[in-house]
Amino acid sequence: MTVTTPAGPHSGAAATLPLSALEQAPVRLVVCEDDRELRNILLTGLPHFGIDAWGVADGIALDEMLIDHRPTVVVLDIGLPGEDGLTIARRLRAVGGPPMGIILLTARGTLEDRLEGLKDGADVYFVKPVDLRELAFAVRNLHRRVSPPSAESLTEDFYTLDTLHSQLNLPSGEQVALTATELRILQALALKPGEVVERIDLLKSLHLPMDLPGMQRLETQISRLRSKVRLKAGAEPLPLHARHGVGYAFLAHLRLHA
């Protein structure tokens, strides 16, 4: 199994999303993946998150799909039969036309692989296995980036990180005063909306060593930040998702305001 879900393969997926995310218009997505089982899991699971998904097995079928369906986001495997995903990503970027988000979902996980994928035009690079919720939020964030603003998006609630006054403004209007450490953590997360920021990068932003005491201090700081937000927002938790053994992602709109 190469995709993880909150409870079983597909059940209960929608319940893990904030209501505001489910109220948005569906996102158009094409998954280009030759592994039939994985492709079917994605095509079955992603609609729970308000994502309209089509699936193809290779670059030729993708080109045929793009004639009739112009998606806002494409998910590509690298190891496809025939034309590989990196070549397809470069080609899609060179074509022009309406903006399109590109996510690489692959088993290739070295730093060199990730750098090559991002250089070739990918917006997000995921290494299998991937959590379905994490992928869905990345798709939605890319959709927002490449789509023109709508009347609904202009009125949508945001978290705002006020770096000048060192505070986090909540959608409810409450303000949470931040320590210098908490501010640096949220700044690092805001630069990669909806994506997992690895613990080593968070530790670097805090000038902490990549060792057990450093990781424990990071977790303590994040726990305190969550508690501060909970005191202000009541039942509304901070949308900060931990990916076990990897890092953290902020799974909501987080705007930077200097």
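Going by the conditions given, is residue 226 touching a helix residue (DSSP H, G or I) at 6+ places or on another chain (Cβ under 9 Å) and basic (Lys, Arg)?
no
Would you point out the residue of region 64-123, among those that are assigned to a loop (DSSP other than H, G, I, E, B) and touching a Cys at 6+ places or on another chain (Cβ under 8 Å), that is nearest to residue 34 (Cα to Cα)?
Per the stated criteria, the residue is 80.
Would you mind finding the one in 181, 220 that is part of a helix (DSSP H, G or I) and touching a helix residue (DSSP H, G or I) at 6+ places or on another chain (Cβ under 9 Å)?
Exactly one residue qualifies, and that residue is 181.
Of all residues being farther than 27 Å from residue 101 by Cβ and among the polar types (S, T, N, Q) in region 170-200, which is surrounded by the fewest Cβ atoms within 10 Å (Cβ to Cβ)? Just the residue, please.
172
Here is a list of conditions, (1) crowded, with 17+ Cβ neighbours inside 10 Å; (2) without any contact (Cβ under 8 Å) to a residue 24 or more places away in the chain; (3) small (Gly, Ala, Ser), and residue 249 meets all of them except one; can you say which number that is?
Failing condition for residue 249: (2).
Being surrounded by fewer than 19 Cβ atoms within 10 Å (Cβ to Cβ), of a type in the set (S, T, N, Q) and either in contact (Cβ under 8 Å) with a residue 40 or more places away in the chain or not assigned by TED's automatic domain parsing to the domain that holds residue 242 (or both), is that true of even one residue in region 201-218?
No: zero hits.
For region 62-82, how many residues are surrounded by fewer than 14 Cβ atoms within 10 Å (Cβ to Cβ) and either farther than 18 Å from residue 116 by Cα or not assigned by TED's automatic domain parsing to the domain that holds residue 35 (or both)?
Total meeting the criteria: 7.
Can you tell me which residue among 154, 202, 183 is at pLDDT 85 or above and either more than 13 Å from residue 248 (Cβ to Cβ) or more than 19 Å from the chain's Cα centre (by Cα) (or both)?
183
Any chance you could count how many residues in region 219-246 are surrounded by fewer than 14 Cβ atoms within 10 Å (Cβ to Cβ) and in contact (Cβ under 8 Å) with a residue 24 or more places away in the chain?
1
Being more than 20 Å from residue 133 (Cα to Cα), in contact with a Phe, Trp or Tyr (Cβ under 8 Å, 6 or more places away or on another chain) and not small (Gly, Ala, Ser) narrows it down to one residue among 171, 213; which is it?
Sole residue among the options that is more than 20 Å from residue 133 (Cα to Cα), in contact with a Phe, Trp or Tyr (Cβ under 8 Å, 6 or more places away or on another chain) and not small (Gly, Ala, Ser): 171.
Residue 23: modelled with pLDDT under 65 and either among the acidic types (Asp, Glu) or closer than 10 Å to residue 132 by Cβ (or both), yes or no?
yes
Count, please, the residues in region 42-57 that happen to be within 18 Å of residue 78 (Cβ to Cβ) and either in contact with a Pro (Cβ under 9 Å, 6 or more places away or on another chain) or surrounded by fewer than 22 Cβ atoms within 10 Å (Cβ to Cβ) (or both).
The number of residues fulfilling the criteria is 3.
Given 217, 243, 224, which one is touching an Asp or Glu at 6+ places or on another chain (Cβ under 8 Å) and over 26 Å from residue 144 (Cβ atoms)?
When all the criteria are applied, what remains is 224.
Considering only residues of region 105-126 that are in contact with a Lys or Arg (Cβ under 7 Å, 6 or more places away or on another chain) and among the aliphatic types (A, V, I, L, M), which is surrounded by the fewest Cβ atoms within 10 Å (Cβ to Cβ)?
My answer is 107.
The values are calculated or read from the model by the stated rules, or taken from the named source; none is laboratory data. Because the structure is a prediction, the values reported are computed rather than measured. Every residue, glycine as well, gets a Cβ built from its backbone with ideal geometry; the counts of neighbours run over all protein chains shown.
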